[in-house]
Amino acid sequence: AKTDGRNRTVVFDPRMQEDLMQSQKMLQAFTHAIKNNEFELFYQPQYNKDHQVIGVEALIRWQKGKDLAGVEHYLSPIDFIPVAEETGLIIPLGDWVIEQACAQLAQWQQDPAFENLVVSVNISAKQLAQADFSDKLLAAVSAYKINSRQLKLEITESCLLQNVSDLINKLLKIKEYGFKISLDDFGTGYSSLSYLKRLPVDEIKIDRSFVRDIMTDESDAIMVKAIIDLSRNFGLEVIAEGVETSEQLDRLIEFGCAFFQGYYFNKPLKLSELNNLILT
Ligand code: C2E
Ligand code: CA
Ligand code: CA
Ligand code: CA
């Protein structure tokens, strides 16, 4: 133990020191990576029943350079988004994602093949909680002269940890500006059903964990069917994520789901791969 300036005894925990150094290192690495353009957006297509691409979800990757064979390596967001959230770095990183998505939409605007393509971006609770979040969105779309209707925000139920009526007001404002809102990972949180009625969202995204077992676990199938029915009754669009097989796709269609995303169609694609897919 040692004493601090006010003569109190503080317990020195080497792990705390280590964590602090870890997060300071992380802070430097992130700042450097943003400046150095080491982050990249991949795009996973979203389809309608007619197998037409109607949108893409932007998924962030961290480039870690090439291996000896020249293959590009990436760090998965599950390995750095949680750290970014803890350290507050999700704010500059999230700003970068929005900016990048808008820049991409502006570029696609030049080509009729990309007309009406909607880009969904993942927004973490801390980002949404910023007082100036909706102003930032508006600034980005006006800087890039894009249509706010082409930007969809994927939020999760973790956003509900803040004051719910504040959240509702904020979402209403965002929707008023023309942005679309999707409730991601639906069914995995605690509050799903009671908030569905109150939250001003356009779309429900059924979590991959339910879709995964839809053919083998009857209770998951019943759950998915119920989510689809409920959403449709509320006038919401429904998209299923993690669709991997044609059997799952058929079942989801039979249940009334209209939009799909998953490895059955495509993995998240590099920009060049997505462009090829759309243009050929
Ligand atoms: P998520 O938003 O639920 O994104 C879906 C994840 O499922 C993606 O993982 C995607 O690659 C994966 N996936 C898509 N289709 C399939 C499938 O058919 N089967 C399987 N097994 N997986 C599928 P990814 O890209 O590793 O992203 C993981 C999570 O990281 C995302 O989950 C999201 O929560 C977060 N994330 C990604 N990009 C961003 C970002 O720009 N900002 C923030 N805040 N979070 C992000
Ligand atoms: Ca998502
Ligand atoms: Ca999801
Ligand atoms: Ca998920």
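The values are calculated or read from the model by the stated rules, or taken from the named source; none is laboratory data. Predicted model only: the values in this text are computed from it and were never measured. Backbone-built Cβ (ideal geometry, glycine too); neighbour counts: all protein chains shown. The area values use the complete protein model at the heavy-atom level, side chains included, leaving out ligands, DNA and RNA. Shrake-Rupley method; radii C 1.70, N 1.55, O 1.52, S 1.80 Å.
Look at the dipole of the chain built from charges on Cβ: of GLN110, GLN22, GLN44, the Cα furthest out on the positive end belongs to GLN22.
Dividing the summed -39500 (n - 2.57) terms of all DSSP H runs of n ≥ 4 by the residue count of the chain sets its mean residue ellipticity at 222 nm at -13000 deg cm²/dmol. Put a dot 7 Å past the Cα of ALA139, heading toward its Cβ, do the same for LYS35, and the two dots end up 2.1 nm apart. When both bridge partners sit in the chain, DSSP labels roughly 45% of those beta bridges antiparallel.
For region 140-235, the alpha carbon convex hull comes to 109 Å³ per residue, rounded to a whole number. In whole angstrom, the chain maps to an equivalent ellipsoid with semi-axes of 33, 24, 21, each derived as √(5λ) from the alpha carbon gyration tensor and ordered largest first. The GluC sites (Glu not before Pro) of region 55-122 that meet both conditions, a loop assignment by DSSP and at most 11 other Cβ atoms within 10 Å of the site Cβ, are GLU115.
About its Cα centre, the dipole of the chain is roughly 840 debye, where the only charges are +1 on Lys and Arg Cβ and -1 on Asp and Glu Cβ.
Remark: the SER272-GLU244 segment gains 7.8 nm on full extension, using 0.36 nm per residue and subtracting the alpha carbon distance. Residue-wise HN-Hα couplings along region 130-140, as the Karplus relation 6.51 cos²θ - 1.76 cosθ + 1.60 with θ = phi - 60° gives them from phi, are 4, 4, 9, 4, 5, 5, 4, 4, 4, 4, 5 Hz; Gly and Pro carry x.
Apolar share of the accessible surface for the chain: 51 percent from carbon plus sulfur atoms, 1.4 Å probe. Taking Cβ atoms as reference points and 15 Å as the exclusive limit, the residues near LEU128 contribute a net charge of -2, counting Lys and Arg as +1 and Asp and Glu as -1. Taking 0.36 nm per residue of sequence separation and removing the Cα-Cα distance, the GLU254/MET223 pair yields an extension gain of 9.8 nm. Taken per residue, the accessible surface of region 142-247 reaches 49 Å², heavy atoms only and a 1.4 Å probe. The residues packed around PHE80, meaning those with a beta-carbon under 14 Å from its beta-carbon, carry a net charge of -2 if Lys and Arg are +1 and Asp and Glu are -1.
Counting Lys and Arg as +1 and Asp and Glu as -1 over every other residue whose Cβ lies under 11 Å from the Cβ of ASP185, the net charge comes to -3.
Legend: calculated FRET efficiency, HIS51 to GLN24, from the Cβ-Cβ distance at R0 = 51 Å, rounded to 0.05, equals 0.60.
Ratio of Rg to Rh for region 150-204: 0.93 [Cα atoms; Kirkwood radius as inverse mean 1/r over pairs]. Ignoring lysines fewer than eight residues from LYS270 along the same chain, the ones with Cα atoms less than 25 angstrom from its Cα are LYS35, LYS49, LYS64, LYS66, LYS145, LYS152, LYS180, LYS205.
Order these peptides, 216-222, 77-83, 58-64, by their mean beta-carbon neighbour count within 10 angstrom, highest first.
58-64, 77-83, 216-222
Between SER76 and GLN110, the distance separating the two model label sites (each 7 Å from Cα on the Cα→Cβ line) works out to 3.5 nm.
With the simple spin-label model, which puts each label point 7 Å out from Cα in the Cβ direction, the LEU230 to LYS64 separation comes to 3.8 nm. Take the Cα coordinates of region 193-280, assign each an equal point scatterer, and use the Debye formula without solvent to give log10 I(q)/I(0) at q = 0.17, 0.19, 0.26 Å⁻¹. Result of the Debye calculation: -0.73, -0.85, -1.24.
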